[in-house]
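Accompanying notes for the structure given below.
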Amino acid sequence: MKIKPSAHAKTHLRYHIIFSTKYRRNCLNDIRQDVLNVFKQIADRYGCKIFAIELDKNHIHFLIEFSPKYSISQIVKLFKQISLYEIWNKHENYLKKFYWKNKRVLWTHGYYCSTVGNIDEEKIKTYINNQGNSSWN
């Protein structure tokens, strides 16, 4: 277990988060690498560490650690908003096949999140990596 120190705290906070596509549209497989890359870029930009990430045709799982200065809802909002913008800019014509009315949507409003203890972390990494053909290191 690696403790993350900051000025006034030492933490070990890891979260298993799942986002689903709006209307459970099966649109992620064909843009898989770009989605994974966008999530990594967001994590790097905001000082988060992704330990495992995998997507299926209509949802994405990731195991993440971030500073306690951010709430879970703030991190979810950041990842959803930025990934929506970046992915639509790169794949607008493709995504228009799945979503209509000139609305740029990709993720549902909801999400799943659970905290991860030391004992469960390897099991969750294995579970996430078995969701598809993992190419995340």
- prompt: Given the Cα-Cα distance of TYR46 and ASN89 and 0.36 nm per residue of separation, how much length would full extension add, in nm?
  reply: 13.4 nm
statement: Karplus ³J(HN,Hα) for the range 103-109 (6.51 cos²θ - 1.76 cosθ + 1.60, θ = phi - 60°; Hz, whole; x = Gly/Pro) runs 9, 8, 10, 8, 9, 5, 5
message: Leaving out ligands and nucleic acids, and using a 1.4 Å probe, what accessible area per residue does the range 4-91 come to in Å²?
response: 47
Accessible area of the range 53-121 belonging to carbon and sulfur atoms, whole % at 1.4 Å probe: 51
- prompt: What is the packing order of peptides 30-36, 55-61, taking the mean over residues of other C-beta atoms within 10 Å and listing the highest first?
  reply: 55-61, 30-36
- request: Could you list, in their original order, any pairs among LYS49/LYS96; LYS10/LYS123; LYS80/LYS123; LYS22/LYS101; LYS80/LYS103 whose Cα atoms are separated by more than 20 Å?
  value: LYS49/LYS96; LYS10/LYS123; LYS80/LYS123
Label-reachable residues, the range 22-60, where backbone N falls under 11 Å from a point 7 Å from SER67's Cα toward its Cβ: 46-48
- line: The simple spin-label model distance between HIS12 and ASP30, using points 7 Å out along Cα→Cβ, in nm, is 4.4
- request: At 0.36 nm per residue, minus the direct Cα-Cα distance, what do LYS103 and TYR23 gain on full extension? Give it in nm, one decimal, please.
  value: 27.5 nm
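The values are calculated or read from the model by the stated rules, or taken from the named source; none is laboratory data. Bear in mind the structure is a predicted one, so any value in this text is a computation, not a measurement. Here the Cβ is made from the backbone with ideal geometry for all residues, glycine too, and neighbour counts use every protein chain on show. The area values use the complete protein model at the heavy-atom level, side chains included, leaving out ligands, DNA and RNA. Shrake-Rupley method; radii C 1.70, N 1.55, O 1.52, S 1.80 Å.
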